[in-house]
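Here, each number is a calculation from the coordinates, and none is a lab measurement. Here the structure is a predicted model, which is why all the values come from computation and not from measurement. FYI the Cβ positions are ideal-geometry reconstructions off the backbone, even for glycines, and counts take in every protein chain you see.
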Amino acid sequence: MIFLPLHTRRLVIQVCCGLKAGPHQKSVNLEMSRPSSNLAEFREAFSKAKHIAVITGAGVSAESGVPTFRGAGGYWRKWQAQHLATPEAFARNPSRVWEFYHYRREVMMTKSPNPAHVAIAECESRLRKQGRKVVVITQNIDELHRKAGTRNLFEIHGSLFRTRCTTCSSVKENYKSPVCPALEGKGAPDPEVQDAVIPVQDLPRCEEIGCSGLLRPNVVWFGETLDSNLLGEVEKELEMCDLCLVVGTSSVVYPAAMFAPQVAARGVPVAEFNMESTPATMGFTFHFQGPCGTTLPPALARHETEIIS
Ligand SMILES: [Zn+2]
């Protein structure tokens, strides 16, 4: 018997149940007909929703010019993210991995939220005053949702601007620039740049009294598991939501692939806002194709039925 984590088991159970007739099946689209791209229909569903879960992925960050270091051309020096964002790479060469993250932090200080981030944050703030809830579940580690003003935020992959001590596990916000003196001016991404080879004692260190352990970025690396407490919280939100938006990621790509089918299986409307449709899109209620900075603001703007006190 395979022991899956609780959330995965529930997901599997719910996806399987979604294929059988059941009390919640009436509104589930089993015909695999095209999802609606009718904004007026989406706005009708939006106007009734009391608890909206927004799942966001790399596409939202990309529209702010944030490099992902994935895919063609996505290199830092000779490497892509999957070669540097691992516990093994950090154990082998913490100086190189810190140079990579120092560079990413410095880049982020020049980037701003785009209209998609802003539309989500404004919607949350407006709906809060009406006793309605918006929660954002993101894989992005750049804090652009936070910068835009989103408060109900689950950063399931952590943040570039938090560190974790490898000795005492203390997690701290960290917006220092540079993150430590030895990294000042380091981290240039060009392929011909040589590693700075910073001694480990000069890399970012823990400031807890009596610790001074080596710090690492508090992000989830390839091969690491997500925080189970955080996932439990996300699970609760997904169980309660009555509308789900998938923004800047397709529904076959993590994290939407993990969460959105679970919501759709309850008969809750799921709306995708991204650059492409996939076979998974066909299981959802709405799909709006294009840059989410363009498609999302009109979708989340104030509805005529909203009463603002
Ligand atoms: Zn420590």
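If you take the beta carbon distance between residue 37 and residue 172 as r and set R0 to 41 Å, what does 1/(1 + (r/R0)^6) give as a FRET efficiency, to the nearest 0.05? Write down the numbers at each step before the final one.
Values: r = 44 Å, r/R0 = 1.08.
Between residue 37 and residue 172 the formula returns 0.40.
Going through the range 236-280, which GluC sites (Glu not before Pro) have at most 15 other Cβ atoms within 10 Å and a DSSP loop state? Working shown, then result.
Numbers: sites: 237, 239, 272, 276; in loops: 276.
Counting only loop positions with at most 15 other Cβ atoms within 10 Å, the GluC sites (Glu not before Pro) in the range 236-280 are 276.
Which pairs break 31 Å Cα to Cα here: 50/172; 50/176; 111/186; 78/236?
On the way: 50/172 33 Å; 50/176 39 Å; 111/186 19 Å; 78/236 41 Å.
The answer is 50/172; 50/176; 78/236.
Report, by chain and number, residues whose modeled amide H sits under 5 Å from the one on residue 243, excluding near sequence neighbours (fewer than 5 apart, same chain).
Amide H to amide H, under 5 Å and 5 or more residues apart or across chains, residue 243 pairs with 51, 53.
Using 0.36 nm per residue, how much length does the chain from residue 289 to residue 240 gain when fully extended, once their Cα-Cα distance is taken away?
Details: separation 49, 0.36 × 49 = 17.64 nm, distance 2.66 nm.
15.0 nm is the gain from fully extending residue 289 to residue 240.
If you add up the charges near residue 295, with Lys and Arg at +1 and Asp and Glu at -1, over every other residue whose beta carbon is less than 15 angstrom from its beta carbon, what do you get?
Charge balance near residue 295 sits at -3.
Please get the size of the charge dipole for the chain, origin at its Cα centre, with Cβ charges of +1 on Lys and Arg and -1 on Asp and Glu, quoted in debye to the nearest 20.
480 debye
If packing is taken as the mean number of other Cβ atoms within 10 Å per residue, what is the order of 135-146, 284-295, highest first?
Details: 135-146: 24.7, 284-295: 20.2.
Going by the mean number of other Cβ atoms within 10 Å, highest first, we get 135-146, 284-295.
Cα centroid distance between the range 94-120 and the range 267-298, in Å?
26 Å
Of the GluC sites (Glu not before Pro) in the range 160-204, which ones lie in a loop per DSSP and count no more than 14 other C-beta atoms within 10 Å?
Numbers: sites: 173, 184, 192; in loops: 184, 192.
For GluC sites (Glu not before Pro) across the range 160-204 that sit outside H, G, I, E and B with at most 14 neighbouring Cβ atoms in 10 Å, the list reads 184, 192.
Could you tell me how far the Cα centroid of the range 163-231 sits from the Cα centroid of the range 31-75, in Å?
Here the two parts' Cα centres lie 31 Å apart.
Starting from the 7 Å offset along Cα-to-Cβ, what nm value, one decimal, do you get for the label separation of residue 152 and residue 209?
Modelled inter-label distance: 4.0 nm.
Length gain on complete extension for the stretch residue 110 to residue 233, per 0.36 nm per residue less the alpha carbon to alpha carbon distance? List each step's numbers first, then the result.
Working: separation 123, 0.36 × 123 = 44.28 nm, distance 3.15 nm.
My answer for the length gained is 41.1 nm.
Semi-axes, largest first, in whole Å: what does sqrt of 5 times each Cα gyration tensor eigenvalue give for the range 111-196? Let's see the in-between values first.
Values: eigenvalues 210, 57, 22 Å².
For the range 111-196, the ellipsoid semi-axes come out as 32, 17, 10 Å.
Please identify the trypsin sites (Lys or Arg not before Pro) of the range 212-305 that satisfy two criteria: DSSP loop assignment and at most 16 other Cβ atoms within 10 Å. Which are they? If you can, show how the numbers build up before the last one.
On the way: sites: 236, 266, 302; in loops: 266, 302.
Here the sparse-neighbourhood loop sites are 302.
Could you line up 47, 64, 170, 251 from fewest to most neighbouring Cβ atoms inside 10 Å?
Details: 47 12, 64 20, 170 15, 251 24.
Fewest to most other Cβ atoms nearby, the residues stand as 47, 170, 64, 251.
Report the residues of the range 230-274 in range of a label on residue 47: point 7 Å along Cα→C-beta, backbone N strictly under 19 Å from it.
242-244, 269-271
Can you check what the net charge comes to around residue 174, using other residues whose Cβ is under 12 Å from the Cβ of residue 174 (Lys, Arg +1; Asp, Glu -1)?
Working: positive: 105, 162, 164, 172, 176, 205, 216; negative: 143, 173, 207.
That works out to +4.
Regarding the range 170-309, what's the average projected area of the Cα-atom convex hull, expressed in nm²? If you can, show how the numbers build up before the last one.
Details: hull surface 58.3 nm².
Seen from a random direction, the Cα hull of the range 170-309 projects 14.6 nm² on average.
Stick to the Cα atoms of the chain, pair each with every other, and give me the Kirkwood hydrodynamic radius in Å at one decimal.
Values: mean 1/r = 0.0480 Å⁻¹.
Here the Kirkwood hydrodynamic radius works out to 20.8 Å.
D for the range 234-289, whole µm²/s, Stokes-Einstein with Kirkwood Rh over alpha-carbon pairs at 25 °C and 0.890 mPa s: what number? It would help to have the intermediate numbers written out before the result.
Details: Rh = 10.9 Å.
Rounded, D is 225 µm²/s.
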